[in-house]
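Below: one structure, written as structure tokens.
The values are calculated or read from the model by the stated rules, or taken from the named source; none is laboratory data. No experiment lies behind these values; they were computed from the predicted model shown. Glycine gets a Cβ as well: all are built from the backbone with ideal geometry, and neighbour counts include every protein chain shown. Just so you know, the surface numbers come from the protein's heavy atoms only, side chains and all, with ligands and any DNA or RNA stripped out. Shrake-Rupley method; radii C 1.70, N 1.55, O 1.52, S 1.80 Å.
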Amino acid sequence: DGGITQSPKYLFRKEGQNVTLSCEQNLNHDAMYWYRQDPGQGLRLIYYSQIVNDFQKGDIAEGYSVSREKKESFPLTVTSAQKNPTAFYLCASSIDPGQGPYEQYFGPGTRLTVT
Amino acid sequence: GNSVTQMEGPVTLSEEAFLTINCTYTATGYPSLFWYVQYPGEGLQLLLKATKADDKGSNKGFEATYRKETTSFHLEKGSVQVSDSAVYFCALSVGAGNNRKLIWGLGTSLAVNP
């Protein structure tokens, strides 16, 4: 089955530590996205990547970093500079954004808790 | 600027009741419109979409019509079930080419009681 996997489902870290969230897709999609979801705030875009080895900041990129070395993978690192990292993180992908109606497909999410 | 406004929740209904969740938008041009659903503890799933004015998207008994004159894309279902309890997000696509992105509403929580 094609889809997007995120691991782990739950992640716990101590304040001051960097942590990397995994996102893998086998849909052969060109573009990938990271969102953060907080209660009552909807989805906020962190970073996105249209092609391998290229990515752009979204609306709330401060304190986060990403890489896109392979088409299938788009890991997100939450650094110690992120002031309020506890949240639900969602990875998504889409076909070439220049084509079609542009729906995005989502993974199951990772809930990160930093104490 | 571009924006999406959804009715505030939570919405609480009894099983078999009629559902409407309002969504209005502000955008230039002709965006595509989407409804996504998020079940507790899960990611979002695309529920339905419409790409041009007067299009009706439908899936699993849910419907929404792209109304350009009222800039709306209200979600409806004739008879809800307990299993429809979830958060529903309205979204629109803006931009062109590689600058396209989705603008999200804040979500509307629906609880259906047996």
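Between residue B:79 and residue B:54, the simple spin-label model (points 7 angstrom out along Cα→Cβ) gives 3.1 nm. For the set A:103, B:63, solvent exposure ranked by accessible area (probe 1.4 Å, protein chains only) runs largest to smallest as B:63, A:103.
What's the average, rounded to a whole number, of partner chain beta-carbon atoms within 10 Å of each residue's beta-carbon in A:80-92? Don't jump to the answer; show the numbers that get you there.
On the way: counts 0, 0, 0, 0, 0, 0, 0, 0, 3, 0, 4, 1, 3.
Counting Cβ atoms of other protein chains within 10 Å of each residue's Cβ and averaging gives 1.
If the segment from residue B:14 to residue B:71 were pulled out straight at 0.36 nm per residue, it would be longer than the present Cα-Cα gap by 17.6 nm.
What is the magnitude of the charge dipole of chain B about its Cα centre, with +1 placed on the Cβ of each Lys and Arg, -1 on the Cβ of each Asp and Glu, and no other charges, expressed in debye to the nearest 20? Walk me through the numbers on the way to the answer.
Values: 9 positive and 10 negative charges, 103 e Å.
In debye, rounded to 20, chain B gives about 500.
The modelled label-to-label distance for the pair residue A:61/residue B:3, using points 7 Å beyond Cα in the direction of Cβ, is 2.5 nm. Residue A:36 contributes an accessible area of around 10 Å² to the protein surface, as traced by a 1.4 Å probe with all chains present.
By the scheme Lys and Arg +1, Asp and Glu -1, what is the net charge of all other residues having a beta-carbon under 11 Å from that of residue B:45? Charge balance in the 11 Å sphere: -1. Karplus-derived 3J(HN,Hα) values for the range B:104-112, using 6.51 cos²θ - 1.76 cosθ + 1.60 with θ = phi - 60°, are 10, x, 7, x, 10, 7, 10, 10, 10 Hz; glycine and proline are entered as x.
If I take every Cα pair under 8 Å that is 6 or more residues apart in chain B, average their sequence separation and divide by the length, what percent do I get for the relative contact order? Please list the in-between numbers first.
Values: 292 pairs, mean separation 40.6, N = 114.
Worked out over chain B, it gives 36 percent.
For residue A:83, the lysines whose Cα falls under 19 Å of its own Cα, not counting residues fewer than eight places away in the same chain, are A:14, A:57. Counting only residues at least eight positions apart within a chain, or on another chain, the aspartates and glutamates with an alpha carbon under 18 Å from that of residue B:52 are A:103, B:63, B:69.
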